[in-house]
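What follows is a single structure, written as structure tokens, with notes after it.
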Amino acid sequence: MKNLFTLLVLGISIVSNAQDSYLQCGTLFDTETGKSLSKKTIVVSGNRIKEIKDGFVAGGAEDLLVDLKDKVVLPGLIDMHVHLESEFDPKTYIKRFTGNDVDVAFEAAVYAERTLMAGFTTVRDLGGSGVNIALRNAINKGLVRGPRILTAGKALASTGGHADPTNGMRKSLMGDPGPKEGVVNSPEDARKAVRQRYKNGADVIKITATGGVLSVAKSGQNPQFTLEEIKAITDTAKDYGFSVAAHAHGDEGMRLAILGGVNTIEHGTLMSEETMELMIQKKCYLIPTISAGKQVAEKAKIPGFFPDVVAKKALDIGPKHQAAMARAYKKGVPMGFGTDAGVFPHGLNAIEFGYLKEAGIPVGESLKAATVVNAKLLGMEDQIGRLQPGFFADIIAVAEDPIKNVKTLEQTVFVMKNGVVYK
């Protein structure tokens, strides 16, 4: 029998011609129930979980044996909000003019691998230039290491809105971007923009229902779509099998997005009690991104890290996010799990669990959100998010019980995606 750790010590490729893989697990953490199961063996065949056996079971001579007897094993984590094309630093804004798509692609490949190695085997990429679509395809073909990606391609905005790609440019470069570029100013534009995302190969629609922090524009919270425009987006999206995610910090734009039929609200920083009740009524899920709020508020204190117009918004909105998530949780707003990685370094996604715990959200609830709930939101609840026979073999391991030590989630010691061991 081939032992994984022997292969690692010898420096031999982990990818094996073994018939099946036998993962001997000291503890299996069931993220749906929060229960820990001792001494189990996960049998993986191809890219799926074949069965889960009691005790430590070994396979045949050609099977791969993975010794995780002193580890805690969980389903691969799912992040519902990342931006794999970029990672913010003081040069980010000028790189829009100096970088090419090929430069973005090479960087994105690095960020994708970091994300996978951090234990996030599936992510939802909520906006970039469109390189994120090519990155998804390259990962699916096995050309690049990274998580399973469902991507929005280019997010939708109104003119001057948070995702208008020409914000902050001089007038000669602004032009008049429209639906093809993801800029919407009428219900007709909205329908065309959604259809263009379909043509481009997107998996999900992302709109910026309010102003945002990092765009070079004055407001971080004003509503930026009419209700009619949002309904045109969600109705068209439904025709094409898309769900719709809405970036929103301000309460009025958030309310319009919920009434317009979006599936998730991203961030939700300035949400009122009335809007929380509306989310519960409409079964619209909130995706907290406390990590992003924390990080931008800290970086805004560094002179020159952000343009002045951005720094002002970051210092205003960033510090309010965690408390808002605590209120939403207590109110009973349905929640998934996201981070906005790219606003802060990729690969640090798991710091979100600690911030959610600080907000009064139990680690077990956050782990359920990052697996079972997110899988349902992606329409993949019968394929990912659980350790069950028939599901994709997306499996991670950490050194300790995450309920007792949430920091252990930041140090995954084993990562398998689609039956292939990457770490």
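Restricting the first member to the stretch 59-76 and to residues that are at pLDDT 95 or above and in a strand (DSSP E or B), and the second to residues that are of a type in the set (Asp, Glu) and open to solvent by 30 Å² or more (accessible area, probe 1.4 Å), the beta-carbon pairs closer than 8 Å and six or more apart or on different chains are Val72/Glu400; Val72/Asp401. Residues in the stretch 178-215 that are assigned to a loop (DSSP other than H, G, I, E, B), in contact with an Asp or Glu (Cβ under 7 Å, 6 or more places away or on another chain) and within 30 Å of Leu315 (Cβ to Cβ): Val184 alone. Residue check: Ser86 meets all listed conditions (1) open to solvent by 40 Å² or more (accessible area, probe 1.4 Å); (2) more than 30 Å from Lys301 (Cα to Cα); (3) touching a helix residue (DSSP H, G or I) at 6+ places or on another chain (Cβ under 8 Å); (4) not hydrophobic (A, V, I, L, M, F, W, C) but one, namely (2).
Of the residues making up the stretch 22-43, those that are of a type outside the set (Asp, Glu), in contact (Cβ under 8 Å) with a residue 40 or more places away in the chain and either assigned to a loop (DSSP other than H, G, I, E, B) or over 22 Å from Leu409 (Cβ atoms) (or both) are Tyr22, Thr31, Gly34.
Restricting the stretch 286-305 to residues that are touching a helix residue (DSSP H, G or I) at 6+ places or on another chain (Cβ under 6 Å) and either outside any helix (DSSP H, G or I) or of a type outside the set (Gly, Ala, Ser) (or both) leaves a set whose member that is farthest from Glu365 (Cα to Cα) is Phe305.
For the stretch 199-223, name all the residues that are at pLDDT 95 or above, touching a helix residue (DSSP H, G or I) at 6+ places or on another chain (Cβ under 7 Å) and open to solvent by less than 30 Å² (accessible area, probe 1.4 Å). Selection gives Gly201, Ala202, Ile205, Ile207, Ala209, Thr210.
Criterion applied to Ala134, Ala118 was being among the hydrophobic types (A, V, I, L, M, F, W, C) and either surrounded by fewer than 17 Cβ atoms within 10 Å (Cβ to Cβ) or free of Cβ contacts under 8 Å to residues at least 60 places away in the same chain (or both), and the one residue passing it is Ala134. Output yes when any residue across the stretch 143-151 is farther than 14 Å from Ala108 by Cβ, assigned to a loop (DSSP other than H, G, I, E, B) and not aromatic (Phe, Trp, Tyr), and no when none is. The answer is no; no qualifying residue exists.
Among the listed residues Ala350, Ala397, Ala341, Ala375, which satisfies the condition of being buried (at least 16 other Cβ atoms within 10 Å of the Cβ), over 19 Å from Ser291 (Cβ atoms) and under 15 Å from the mean Cα position of the chain (by Cα)? When all the criteria are applied, what remains is Ala375. Remark: Gly175 falls outside the filter, which requires a residue to be under 26 Å from Pro307 (Cα atoms), more than 17 Å from the chain's Cα centre (by Cα) and open to solvent by less than 10 Å² (accessible area, probe 1.4 Å).
The values are calculated or read from the model by the stated rules, or taken from the named source; none is laboratory data. On a predicted model such as this, the values are computed, not experimentally measured, just so you know. Heads up, the Cβs are rebuilt from the backbone with ideal geometry, glycines too, and the neighbour counts pull from every protein chain shown. Remember, those area values only see protein heavy atoms, side chains included, never the ligands or the DNA or RNA. Shrake-Rupley method; radii C 1.70, N 1.55, O 1.52, S 1.80 Å.
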